[in-house]
Structures are given as structure tokens and as C-alpha cells.
Amino acid sequence: MAIVRAFRATRFARLIPEVVAPPYDVIDEPLRAELAERNPYNIVHLTLPQGDDDRYQHAARLLQHWLAEGVLRQDTEPAIYRYTQRFFDPLTNTHRTRTGYFVLLHTEPYEKGVVLPHEQTFPGVKEDRFRLLQATRTHMETIFGLFENTPAFQEAIADLLWEPIAQIDGDDLPEGNAHRLERLTNPMAVARFERAFEDARVWIADGHHRYETALRFGQVYGTDGSPERFLPILLVPLDDPGLVILPTHRVLTELPPGAPDDWRARLSAEFELTPVATDSVVEQMTRYNGEAIGFVWREGAWLIRPKAYPPVAGQPDALTRLDSWVLHERVMPALGYREPSKTYTRSAAEAIDAVRSGRAQAAFLLNPPPLRALQQIASAGAKMPHKSTYFHPKVLSGLILWQVKA
């Protein structure tokens, strides 16, 4: 099944807070400008190069310049890298630790059932990432995947000696307040680790666009088993206590057609509607085990709960019970929405404030999607609606790069 390999990572010779960043796909223009200004060697200069069509070649030249200067160095031995993140969990108001392992993963078409996606991807994003990879022949970031813990994996990691190689701490860091990187280079231990994944499947948590980009790159430039067919990935066991998925709320610039009485009439055949105080929407949602959607507008708030979950041909029950699917496939069409303009936020307070202040007209508040639902949906070959999952924290960029021929 999954083929994983140790590799020689390219890393900052001196890892400092000023050179790291969140992943490219959660950085907007103001944040990119701030990170780029912070340090001339911040990783965003490579992950999000500026310019027109020449930006990809610019990134390639800059990468070679940093290597020549010794800013980036390639490790001398293949290694498995253990990565520990400590972070604040806003859902439980506690600090957690997540542990994963950076390896190379052999890319496979989804239909083989080895690597399982749960999100749709967009051609423009993939073309951008492909052109960057094509120009630099370097994976500037890693993706993030999940696997089922097994006795073979537990045996492979038992009593290992990990060498500390980098650590940064600080409350102002992105994606957690402590990041520790260690490596394993012992050839026998590495081989045992790699063998532990021979019967494994990998669920993509973050990085669908980069995975599909790497698959295309390998099919164009490589052959089965060649370096071009691999990409770096952080693998985290599905039972890791630090796995957290945040909800992603929808903030809309328009109300449904009509008045609240009209909305109720459209929804009442299929949904239970419960008026609630706006300030208590999230608290009230938690009483229904993920089956209540919060709907907020300036004059009121409802909990919306399906009366039933009719089967949908070709779709797994885990998907048709997911609140983001219920929202987009059932609630919003019933209300009369037709492709409304919307933004997204992980903060229910921000969504509610946007409505109260008049910056938005309405908001739908969702629940954190269960990890088991992601696993079941992906295993069935189905896809969640756009912006259904947000794994927190993301994998910090600037820790690990991989030059394809390294």
C-alpha cells in the first residue's frame, strides 16, 4: 500500500522565528507583506514569490542563492524527522501537543485507494503550484496526512533515539507556540519505520492541491519509484491526542428572499427550527451532538436541525449527515439562496459580530466535523463541501524543504 521513505531534508542552517510562516494557502496579501518585511530569508519569498510569469524562475534563482550562501543546507544522511507542535486549542481552551513524522510518500492516483482525499481542488491553484515545482524542482512545504496506528508502527517507534536538531518557541509564532524537530538516521531503525507503512493507507488532512500537483509532476517527469514520484508529508496517527479540527462558519452578504416567516415556511417540512438568543447559539448547538446548524441575522437566531437524513444515491451516510453538506445541499437551497457571496471564519464570535455590525447580513455557524466522518467519507470516495475542515494548527512552513533529486 503506502510507500514511505526517509530523505535528506533541506533546512535553514539557523532556524529562527523570523524565517517561518504559515502554509502558503492561508496567507493573504497583507500577511505576506508583513512576513516578507520581517526577514529577507522568510520562507514566503519561496512559497509565494512575487511578480508575473517570471516569479517561478525568480523563486528558483533565490533558492539557489540561499543554498550557495549557506542559508539553507541539505542534510547529509537520509532521515525520518519527528515534529512536535505545542499549541492552544480554542475549542477546549487547553494546550495540546501533536506529534507527527516527516517522510517522503510515493504519490498514487486516488483510484488505487492508497491515498484518500476528502476535498475538491481547483485547477488554477494546482497550476500555480505546478509551475513553482517545475521551476524549482523543490517542494517548499510539506503536506499533512493521517494514518491508522498499528502494532507494526508502535513496534517501529519503540525505544528509538531521536536526535534534536531544531526548536523554536514563542507566543507570537504561527501555528503553535513551540515547534521541535528531531531526526532518526540509524539505517536499521529507518528501514523498520518504512516497513511499518507497507499495509497503510493515508488520508490527506491538508494539502490536496499540492498532492495532486506532485502526482502530476511525477507522472510527467518521473517513473514509478523515481524521486519525482515522491513528495514530503507529515504523517500523524489518527489516534494522536493533538488532532483538532475547527469549524468553518459561513458569513453572508445577503439574507434569504422574503421575511423570517417565509424562511420558516420553506424549512419547516424538513427541519426543526428553534429560536435562540444570539449570544447562546454556540452553546445551544453543542447540545445536539453536531446535528444543529446555527443561523444568525440581525433580528434573531435559530437552531436548524434536520428531522431526518434521507439516503442519497451514491453518497455515504457520513457525508449526508455532515452539517456542511446539509447546509449547502439542503438548507441554503430551501431558503432560496443561489450562490450567495460569502466569507469564512473559524470564530463564531467574529461571524456574529459581522452580522451585528452590519458588515454582513447573515451567518451560518457550523460544528467541528468529526474525524471519523472525514475518514468514512474519504474511504467511500466522496468529497466534503469546500471549506468543511480546518486542521489546527497547520504544519509550519520553513522547517522542511525537499529538493527532488536530493
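The values are calculated or read from the model by the stated rules, or taken from the named source; none is laboratory data. Computed from a prediction, not measured in an experiment: that's the story for all the values here. Using ideal geometry, Cβ is built from the backbone for each residue, glycine included, and neighbour counts are taken over all protein chains shown.
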For the range 57-95, what are the residues that are closer than 30 Å to residue 191 by Cα and part of a strand (DSSP E or B)?
-> 72, 73, 74, 79, 80, 81, 82, 83, 84, 85, 86
Kindly indicate which of 166, 196 is of a type in the set (Gly, Ala, Ser), assigned by TED's automatic domain parsing to the domain that holds residue 42 and without any contact (Cβ under 8 Å) to a residue 60 or more places away in the chain.
-> 196
Among the residues of the range 94-106 satisfying the criterion of being over 15 Å from residue 8 (Cα atoms) and within 18 Å of the chain's Cα centre (by Cα), which is surrounded by the most Cβ atoms within 10 Å (Cβ to Cβ)?
-> 100
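Residue by residue, here is whether (1) within 30 Å of residue 88 (Cβ to Cβ); (2) modelled with pLDDT of 95 or more holds:
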site	(1), (2)
240	yes, yes
272	no, yes
289	yes, no
294	yes, yes
305	no, yes
312	no, yes
Does residue 339 satisfy the criteria of being touching a strand residue (DSSP E or B) at 6+ places or on another chain (Cβ under 7 Å), farther than 15 Å from residue 249 by Cβ, of a type in the set (D, E, K, R) and not in a strand (DSSP E or B)?
-> no
Show the residue pairs that are 6+ apart or on different chains and have beta-carbon atoms under 8 Å apart, the first residue being within the range 355-376 and under 19 Å from residue 201 (Cβ atoms), the second being modelled with pLDDT of 95 or more and surrounded by fewer than 18 Cβ atoms within 10 Å (Cβ to Cβ).
-> 371/238; 371/243; 373/321; 375/238
Residue match in the range 265-281 (condition: closer than 13 Å to residue 364 by Cα and touching a residue at least 24 places away in the same chain (Cβ under 8 Å)) | yes
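Say whether the condition of being closer than 22 Å to residue 126 by Cβ, assigned to a loop (DSSP other than H, G, I, E, B) and in the same structural domain as residue 399 (by TED's automatic domain parsing) is met by at least one residue in the range 15-24.
Filtering the range 15-24 down to residues closer than 22 Å to residue 126 by Cβ leaves 21-24.
Subsequent filtering for residues that are assigned to a loop (DSSP other than H, G, I, E, B) retains 22-23.
Those left that are additionally in the same structural domain as residue 399 (by TED's automatic domain parsing): 22-23.
Yes, the range 15-24 has at least one match.
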Please give the number of the condition residue 64 fails out of (1) touching a residue at least 24 places away in the same chain (Cβ under 8 Å); (2) more than 27 Å from the chain's Cα centre (by Cα).
-> (1)
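Within the range 281-298, does at least one residue satisfy the condition of being within 30 Å of residue 150 (Cβ to Cβ), in the same structural domain as residue 331 (by TED's automatic domain parsing) and of a type in the set (S, T, N, Q)?
Looking only at the range 281-298, we keep the residues that are within 30 Å of residue 150 (Cβ to Cβ), and these are 289-290.
After this cut, where a residue has to be in the same structural domain as residue 331 (by TED's automatic domain parsing) as well, the list is 289-290.
Narrowing the set further to residues that are of a type in the set (S, T, N, Q) leaves 289.
Yes, the range 281-298 has at least one match.
I'd like to check which strands (runs of 3 or more DSSP E) are fully inside the range 142-243 and have at least 1 residues that are in contact with a helix residue (DSSP H, G or I) (Cβ under 7 Å, 6 or more places away or on another chain) and β-branched (Val, Ile, Thr).
Hits in the range 142-243: 143-147, 163-169, 202-206.
Can you tell me which of 187, 241 is within 30 Å of residue 367 (Cα to Cα) and surrounded by fewer than 17 Cβ atoms within 10 Å (Cβ to Cβ)?
Details: 187 fails: within 30 Å of residue 367 (Cα to Cα).
Every option except 241 fails the conditions.
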Taking the range 295-338, which residues are exposed (fewer than 13 other Cβ atoms within 10 Å of the Cβ) and over 27 Å from residue 380 (Cα atoms)?
-> 299, 300, 338
Picking from 132, 116, the residue that is more than 17 Å from the chain's Cα centre (by Cα) and modelled with pLDDT of 95 or more would be 132
